[in-house]
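The values are calculated or read from the model by the stated rules, or taken from the named source; none is laboratory data. All of these numbers come straight from a predicted model, not from anything done at the bench. We place every Cβ from the backbone using ideal geometry, glycine too, and count neighbours over all the protein chains shown.
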Amino acid sequence: GENVEQHPSTLSVQEGDSAVIKCTYSDSASNYFPWYKQELGKRPQLIIDIRSNVGEKKDQRIAVTLNKTAKHFSLHITETQPEDSAVYFCAASISGGSNYKLTFGKGTLLTVNP
Amino acid sequence: NAGVTQTPKFQVLKTGQSMTLQCAQDMNHNSMYWYRQDPGMGLRLIYYSASEGTTDKGEVPNGYNVSRLNKREFSLRLESAAPSQTSVYFCASARGQGYVSGNTIYFGEGSWLTVV
């Protein structure tokens with residue numbers, strides 16, 4: 001089955017700096033890569049996603065890049081703010097298939113220091 | 001629009017006791033999932049139901065059973081709870097199979113389970 005590796009496990013940045021989280025996946029058939037943000041004690045919530053026919057996607061301060069050849073994708077957060085502090089999960093799946101399910105990375109705890 | 005609701009939110013069980021976590025979604029989704037979340041382990045899939053009437057094992061199914069009661073409801077049962085099942089459990093749903101776009105997985109608020 002699919003295996004998703006996520007790095008780093010913890011990341012501490014100063015407010016205003018950029019943060020980058022990287023993930024690799026094993027199944028070359030995976031074609032959908034969402035990122036979830038989970039605040040302490042809350043449910044994971046989708047913040048951005050990318051499909052395999054796209055190399056990059058941006059939404060305000062958040063961007064995701066995908067390298068299908070290398071089977072890795074990354075989350076970039078610019079101009080970080082304290083409210084960006086949370087655990088971020090990457091995931092991979094085969095969307096459009098008969099059994100749709102997400103395989104998650106182990107998460108990155110991002111701390112943005114004021 | 002409630003989305004995905006799960007109960008109970010908190011539960012303490014003694015080793016060997018049984019319990020059922022309930023989950024319901026009101027988004028007319030086909031697929032439903034149960035994940036468990038442990039520190040440093042991320043979100044691991046226990047069981048999923050790609051569509052009404054089907055269930056399949058995920059990554060960590062041992063010690064659990066599931067029932068897809070109808071399109072809306074998907075329950076998770078612990079037959080004989082063990083301390084290793086102390087975790088946060090999340091139910092989730094998605095439009096599911098065959099959908100290439102708009103296939104976001106939505107999570108419930110979580111159920112904190114402690115087995116002593």
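Inspect all residues belonging to the stretch B:54-74 and state whether any of them is under 24 Å from A:GLU5 (Cα atoms), at the interface with chain A (Cβ under 9 Å from one of its Cβ atoms), surrounded by 22 or more Cβ atoms within 10 Å (Cβ to Cβ) and touching a strand residue (DSSP E or B) at 6+ places or on another chain (Cβ under 9 Å). No, every residue in the stretch B:54-74 fails to be under 24 Å from A:GLU5 (Cα atoms), at the interface with chain A (Cβ under 9 Å from one of its Cβ atoms), surrounded by 22 or more Cβ atoms within 10 Å (Cβ to Cβ) and touching a strand residue (DSSP E or B) at 6+ places or on another chain (Cβ under 9 Å).
Just one of (1) without any contact (Cβ under 8 Å) to a residue 60 or more places away in the chain; (2) part of a strand (DSSP E or B); (3) polar (S, T, N, Q) fails for A:SER28. It is (2). Listed by first and then second residue, the pairs linking a residue in the stretch A:93-114 that is facing chain B (nearest Cβ under 7 Å) to a residue that is modelled with pLDDT of 95 or more and part of a loop (DSSP other than H, G, I, E, B), with Cβ atoms under 8 Å apart and 6 or more places separating them unless they lie on different chains, are A:LYS106/A:SER9; A:GLY107/A:SER9. Residue check: is B:SER67 farther than 14 Å from A:TYR100 by Cα and not in a loop (DSSP other than H, G, I, E, B)? Here the answer is yes, as B:SER67 does meet what is asked. Taking the conditions exactly as written (modelled with pLDDT under 90 and either in contact with a Cys (Cβ under 7 Å, 6 or more places away or on another chain) or not β-branched (Val, Ile, Thr) (or both)), does B:TYR89 satisfy them or not? No.
Does the stretch A:9-30 include one or more residues that are within 14 Å of chain B (Cβ to nearest Cβ), of a type in the set (Val, Ile, Thr) and loosely packed, with under 13 Cβ neighbours inside 10 Å? The answer is yes, given that some residue of the stretch A:9-30 is within 14 Å of chain B (Cβ to nearest Cβ), of a type in the set (Val, Ile, Thr) and loosely packed, with under 13 Cβ neighbours inside 10 Å.
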